[in-house]
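Below you'll find the structure, written out as structure tokens, and then a few comments.
Bear in mind these aren't lab numbers, they're just calculated from the coordinates by the rules spelled out. Computed from a prediction, not measured in an experiment: that's the story for all the values here. Backbone-built Cβ (ideal geometry, glycine too); neighbour counts: all protein chains shown.
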Amino acid sequence: MSVALKQAMRTVTVELGDRSYEIVIGPGVIDEAGPRISRLRPGAAAVIVTDENVGKLHADRLEKSLGSADIRSSRTTIPAGESSKSYPMIERVVDSILAAKIERGDLVIALGGGVVGDLAGFAAAIARRGMDLVQVPTSLLAQVDSSVGGKTGINSPHGKNLVGAFHQPLLVLADTSLLDTLPERQFRAGYAEVAKYGLINDAAFFNWLEKNWGDVFKGGDARIEAIAKSCQAKAAIVGRDERESGERALLNLGHTFGHALEAATGFSDRLLHGEGVALGMVLAFQLSARLGICPKADAERVEAHLAAVGLPIKLSQIPGALPDASGLLELMGQDKKVRRGVLVFILARGIGKAFVEPKVEPEIVRQLLADALNSA
Ligand code: GLY
């Protein structure tokens, strides 16, 4: 390993007793996959699950590293895009794992963004009643959120992520240099999840992002710092509340609105997940201000920062028609953040002061959405 790589690398631990694992962050960590995996699971074989875009760019490199550590591997490639988080695709991935004669003590390696990580993770959770999983996230969103914490699953016609399992990885390898090939729109969408950690409980991090987001987008140390900080924030929350019986729900800031908007746009390129989260965070802060619990200036600061990085902050920025306010409210009804028919929202008393509000009056939300749909 070069001295430069050693210096740039950061390690964050998700503390879950005997299921604790490391998130290794830095440029070139994909080349260490083989030796790191063989230290954790000597003699294990692996199936790499990737998509057709990421596979072309990075799978050879991963396979070379596995080969250098004598890890036998095969590759399953799925179509890129959210529509792969489906019943037919989970059947295909699980069957390809079984066809590769991969045994229970072997591994599934998810090489890709959030879709690949969620799908391959779910396959690892159910194939042979549970196999080890290594996440090699290749998008910003996957590096700071979906590869960490063990949520896996697919979508149902009834809504996003409604079928799945908690299945913690054995190791997360977040190679920050792979983000150099990520389309700008995808990077920006992932950045919404980075900003989210500041908004939840770390106002100083949000201040830092306001000043340094340009360097985070350029790459280098600021990007590694932002990813490491985000992983630390998530690891701390997951370590305290793995199964989302309380505090972990804070990680859903912006997601109740965001998932409804994603459903309204057919989980398509009209709105990427992170863009939905950006709009959702704007709406969550507006709702908090409207309820009189958050200074209006903080809600405006959230909008200003997300707009500065080029994320959508108004519903009119979503191309094409949207349902009316009642239609959007109905889509929220299917979200997992509904408890016994009552909408659970993540609201904020200010930047870095998010909290779970278990009872939000639907009419206030409907009015907010109606105003947001009318605002140009
Ligand atoms: N993405 C939210 C969570 O992992 O809990």
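If one puts a single equal scatterer on every Cα of the chain and applies the Debye formula without solvent, what log₁₀ I(q)/I(0) results at q = 0.13 Å⁻¹?
Each listed q corresponds, in turn, to -1.01.
Considering the convex hull of the alpha carbon atoms of the stretch 232-313, report its projected area averaged over all viewing directions, in nm², one decimal. Working shown, then result.
Values: hull surface 26.0 nm².
The number I arrive at for the stretch 232-313 is 6.5 nm².
Mind pulling the per residue volume of the convex hull built on the Cα atoms of the stretch 1-113? Å³ is fine.
129 Å³
May I ask for the equivalent-ellipsoid semi-axes of the stretch 150-307, computed as the square root of five times each C-alpha gyration tensor eigenvalue and listed largest first in whole Å?
Calculated on Cα positions only, the semi-axes equal 22, 22, 18 Å.
Give me the net charge for the shell around GLU22: Cβ to Cβ below 13 angstrom, other residues only, Lys and Arg +1, Asp and Glu -1.
Net charge around GLU22: +2.
Along each of its three principal axes, how wide is the spread of alpha-carbon positions in the stretch 249-376, in whole angstrom units, largest first?
Taking the Cα atoms of the stretch 249-376, the three principal extents are 38, 33, 25 Å.
Which of the lysines could a cross-linker span from LYS296 if the Cα-Cα distance has to be under 17 Å and same-chain partners fewer than 8 positions apart are dropped?
Excluding near neighbours in sequence, the set is LYS314, LYS353.
With only Lys, Arg, Asp and Glu charged, each at its Cβ (+1 for the first two, -1 for the last two), find how big the charge dipole of the chain is about the Cα centre; round to the nearest 20 debye. Show your work: numbers first, answer last.
On the way: 43 positive and 44 negative charges, 99 e Å.
Result for the chain is approximately 480 debye, rounded to the nearest 20.
Work out how far the C-alpha atoms of the stretch 104-158 reach from end to end along every principal axis, then list the three figures in whole Å, largest first.
If we take the Cα atoms of the stretch 104-158, the spans are 30, 29, 16 Å.
Roughly how many nanometres apart are two label points built 7 Å out from the Cα toward the Cβ at SER38 and ALA99?
2.8 nm
Tell me which residues come under 5 Å, amide H to amide H, from ILE109 once H is placed; ignore anything under 5 positions away on its chain.
Amide H neighbours of ILE109, under 5 Å, 5+ apart: VAL47, ILE48, VAL49, VAL134.
So what's the angle, to the nearest 10 degrees on a 0 to 90 scale, between helix 184-201 and the longest Cα principal axis of the chain?
70 degrees
Would you list, by chain and number, the aspartates and glutamates whose Cα falls below 19 Å from the Cα of LYS64, excluding same-chain residues fewer than 8 positions away?
Within the straight-line limit of under 19 Å, LYS64 reaches these aspartates and glutamates: ASP31, GLU32, ASP51, GLU52, ASP106, ASP175.
How fast does the stretch 92-221 diffuse by Stokes-Einstein, in µm²/s, taking the Kirkwood radius from C-alpha pairs at 20 °C and 1.002 mPa s?
136 µm²/s
At 7 Å along Cα-to-Cβ for each site, give me the label-to-label distance between ASP241 and LYS56 in nm.
Computed distance between label sites ASP241 and LYS56 equals 4.2 nm.
Which ³J(HN,Hα) values in Hz, rounded to whole numbers, follow from the phi angles of the stretch 321-328 under the Karplus curve 6.51 cos²θ - 1.76 cosθ + 1.60, where θ = phi - 60° and Gly and Pro get x?
So the Karplus estimates, Gly and Pro as x, are 7, 10, x, 6, 4, 5, x, 5 Hz.
With angles folded into 0 to 90 degrees, how steeply does helix 296-308 sit against the dominant principal axis of the chain? Use alpha carbons for both and round to 10.
50 degrees
Residue farthest toward the positive end of the dipole of the chain, with Cβ of Lys/Arg at +1 and Asp/Glu at -1: which of LEU66, ALA321, GLY246?
It is GLY246.
I want to check the label-to-label distance for SER68 and LEU16. Put each point 7 Å from Cα in the C-beta direction and report it in nm to one decimal.
My value for the distance between the label points is 2.8 nm.
Once fully extended, how much extra length lies between ASN212 and GLU91, figured as 0.36 nm per residue of separation less the alpha-carbon to alpha-carbon distance?
39.2 nm
What angle do you read, to the nearest 10 degrees and between 0 and 90, between the alpha-carbon axis of helix 273-290 and the longest principal axis of the chain?
30 degrees
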